[in-house]
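The values are calculated or read from the model by the stated rules, or taken from the named source; none is laboratory data. These numbers were taken from a predicted model, which means no experiment stands behind them. Here Cβ is always computed from backbone atoms with ideal geometry, including for glycine, and neighbour counts include all displayed protein chains. Side chains included, ligands, DNA and RNA excluded: accessible areas come from the protein's heavy atoms. Shrake-Rupley method; radii C 1.70, N 1.55, O 1.52, S 1.80 Å.
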Amino acid sequence: MKILYVCTELYPLLKTGGLADVGAALPAALQSAGSEVRLLLPAFAGIAKGVRVEGLPLLLSPEGGPEILRTLQPAPRLLRGQVEATSQEVYLLDAPALYQREGGPYLDAQGREWTDNAMRFALLCWAAAGLGLGEDRQWRPDVVHAHDWHTGLIPVYLQLRAQDRVTPACVFTIHNLAYQGVFPASVLPALGLPESLFTMDGIEFYGQLSFMKAGLQFADAITTVSPRYAREIMTHEQGCGLDGVLRFRAEHVSGILNGVDYSVWDPSADPLIDAHFDVGTMGGKRLVKQALQRAMGLEVRADAMLCVAVTRLSEQKGLHLVPAVLDALVAQGGQLLVLGSGDAEIEESIREAVSRFPGQAVLRVGYDEPLAHRIMAAADVVLVPSRFEPCGLTQLYGLRYGALPLVHAVGGLADTVTDCTAETLADHSASGFTFHEFSATDLDSALQRAFALYRRPADWASVQQHAMQLRFDWLVAAQAYTALFQRLAPQAGTASA
Ligand code: ADP
């Protein structure tokens, strides 16, 4: 089975969130499960740097496509190559005027959306549809696997361009429904999209064009990154205005839990941490904690329950609840360390809160991959109080590193963390702490329960051991995707078959 995997981020070359981690790990796991996978990404500077280009570029067919194909110089083209570090086969959509810019992949250096985002990502979708329809004579995918709103127009272009050609199946995966790619209707003609699609059961969303809705309406199947989130997004509360569309397509919607790349996140071999440890050899964790407390300006205290968060600072992540519980956290002898970047207001409120507790609470602003590893390794508790969470990865990293997750019981967090209760402690299934109402009061009471367990070292160690032995394997996820792909493209078989 041949899969074209289309996304916009790839760890470690370009990452703003979990999408990049998935883009690195899932294709490799799909290959282990027997498929042949090629990636398609925009040639952002960070990505292009890590790719060895081979062979001749492919030109994109401009017929009926985004206007920019006829006006942009040099003309956009597809480069073929391999990711240097992994030898993963990849196509890069090369259009320097669109993708090689100072700033992020979606936002400029001031944090504003690039004004031509509709065109930038429509072009990616157009290129994907072309490959899907066989524009690379050497390699034609059976399935196009599209990720998040940037790729939502792929099934639309596939339908518009198919005519009597064989079309691949298209699977659309939602990593976060809150980011939807909504643009004024006036961009339609420039994207080569006919007015006839601009209806309520097409790509129109409250008078505008929605890439996300396009993906949901036209893909053959929709997946999201945890079973619980798949159910939640069909409700009015969590549907971000698209719950009706999702309910309409319910029989095509499923949740497949993300995995963890345990070759990157492994406390027994992680090259980014000062000392190694694992179940049965936990001494290294104490050393790492000591070193991190010292490096971060926290009081060096082995008995302090070190609570951490490694996160985007956005409304979604719930970090704005933390200042309200900090007094109680420090009063119980705990410490707080937050590594995050994003929303200036949330950053300011955390900065103000931690400034009241020098030596016990620290905020590190920025995006720092090596530090994220050291923090996970040192932590006793990883806080993930997200308002909603499609899957969440940091609680999974926390589990493996013996940092018990304390999470709001939603989405993938609810699917992966088992609350400590009398029953779960007795049957050894407990792995962390959950709270149900999205409020500082509920967060605080979960924290108090964490402190209570922390004061019973033997019980704490037993939960920690269980947490560290849990595995969220990418191969399991890859097998579930493969089964779905085979249902949609039964004629394809597997590469190894
Ligand atoms: P999302 O994709 O919504 O941001 P996830 O939990 O799925 O949330 O993935 C976040 C990923 O980004 C994790 O790999 C996490 O370690 C990483 N991350 C988030 N913020 C930072 C940061 N400030 N520094 C380093 N890594 C970060």
Please go through the stretch 420-439 and pick out each residue that is part of a loop (DSSP other than H, G, I, E, B), under 28 Å from A324 (Cα atoms) and among the polar types (S, T, N, Q). T421, S431, S439
Among the residues of the stretch 348-359, is there at least one that is within 13 Å of the ligand (Cβ to nearest atom), open to solvent by 10 Å² or more (accessible area, probe 1.4 Å) and closer than 25 Å to S439 by Cβ? no
Would you pick out the residues in the stretch 462-479 that are part of a helix (DSSP H, G or I) and open to solvent by 40 Å² or more (accessible area, probe 1.4 Å)? S462, Q465, H466, Q469, L475, V476, Q479
Could you please find all residues in the stretch 360-419 being surrounded by 21 or more Cβ atoms within 10 Å (Cβ to Cβ), within 19 Å of G23 (Cα to Cα) and either away from the ligand (no atom under 13 Å from the Cβ) or of a type in the set (D, E) (or both)? E389
Out of the stretch 308-320, which residues are open to solvent by less than 20 Å² (accessible area, probe 1.4 Å) and either touching a residue at least 40 places away in the same chain (Cβ under 8 Å) or more than 9 Å from the ligand (Cβ to nearest atom) (or both)? V308, A309, Q316, G318, L319
Enumeration of residues in the stretch 95-146 that are in a loop (DSSP other than H, G, I, E, B), under 20 Å from L191 (Cα atoms) and in contact with a Gly (Cβ under 9 Å, 6 or more places away or on another chain): P105, W114
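Residue-wise test of (1) within 16 Å of the ligand (Cβ to nearest atom); (2) open to solvent by 20 Å² or more (accessible area, probe 1.4 Å); (3) without any contact (Cβ under 8 Å) to a residue 40 or more places away in the chain.
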residue	(1), (2), (3)
E135	no, yes, no
H145	no, no, no
Q163	no, yes, yes
Y179	yes, yes, yes
A190	no, yes, no
L197	no, yes, no
Matching residues, the stretch 452-461, being among the small types (G, A, S) and open to solvent by 50 Å² or more (accessible area, probe 1.4 Å): A458
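Can you pull out every residue in the stretch 230-241 that is in a loop (DSSP other than H, G, I, E, B) and more than 16 Å from the ligand (Cβ to nearest atom)?
Pass one, the stretch 230-241, residues in a loop (DSSP other than H, G, I, E, B): 233-241.
M234, T235, H236, E237, G239, G241 - these are the residues of the stretch 230-241 that are in a loop (DSSP other than H, G, I, E, B) and more than 16 Å from the ligand (Cβ to nearest atom).
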The lone condition Y262 fails out of (1) within 15 Å of the ligand (Cβ to nearest atom); (2) farther than 30 Å from P27 by Cβ; (3) within 27 Å of the chain's Cα centre (by Cα) is (2)
How many residues are more than 9 Å from the ligand (Cβ to nearest atom), open to solvent by 20 Å² or more (accessible area, probe 1.4 Å) and under 17 Å from T173 (Cα atoms) if we restrict to the stretch 1-27? 1
Consider G244 carefully, then state whether it is assigned to a helix (DSSP H, G or I), among the small types (G, A, S) and farther than 24 Å from H145 by Cβ. yes
Mind checking which pairs have a first residue in the stretch 228-240 that is free of Cβ contacts under 8 Å to residues at least 60 places away in the same chain and a second that is surrounded by 22 or more Cβ atoms within 10 Å (Cβ to Cβ) and polar (S, T, N, Q), Cβ under 7 Å, 6 or more apart or different chains? A230/T224; I233/T224
Test S341 against the criterion of being within 9 Å of the ligand (Cβ to nearest atom), within 30 Å of C240 (Cα to Cα) and open to solvent by 30 Å² or more (accessible area, probe 1.4 Å), and give yes or no. yes
Of the criteria (1) open to solvent by 50 Å² or more (accessible area, probe 1.4 Å); (2) at positive phi, which one G34 fails: (1)
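So that you can scan it fast, the table gives a plain yes or no per residue for (1) among the aliphatic types (A, V, I, L, M); (2) open to solvent by 20 Å² or more (accessible area, probe 1.4 Å); (3) within 21 Å of the chain's Cα centre (by Cα):
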residue	(1), (2), (3)
D148	no, no, yes
T151	no, no, yes
P168	no, no, no
V187	yes, yes, no
Q208	no, yes, no
K213	no, no, yes
A219	yes, no, yes
T224	no, no, yes
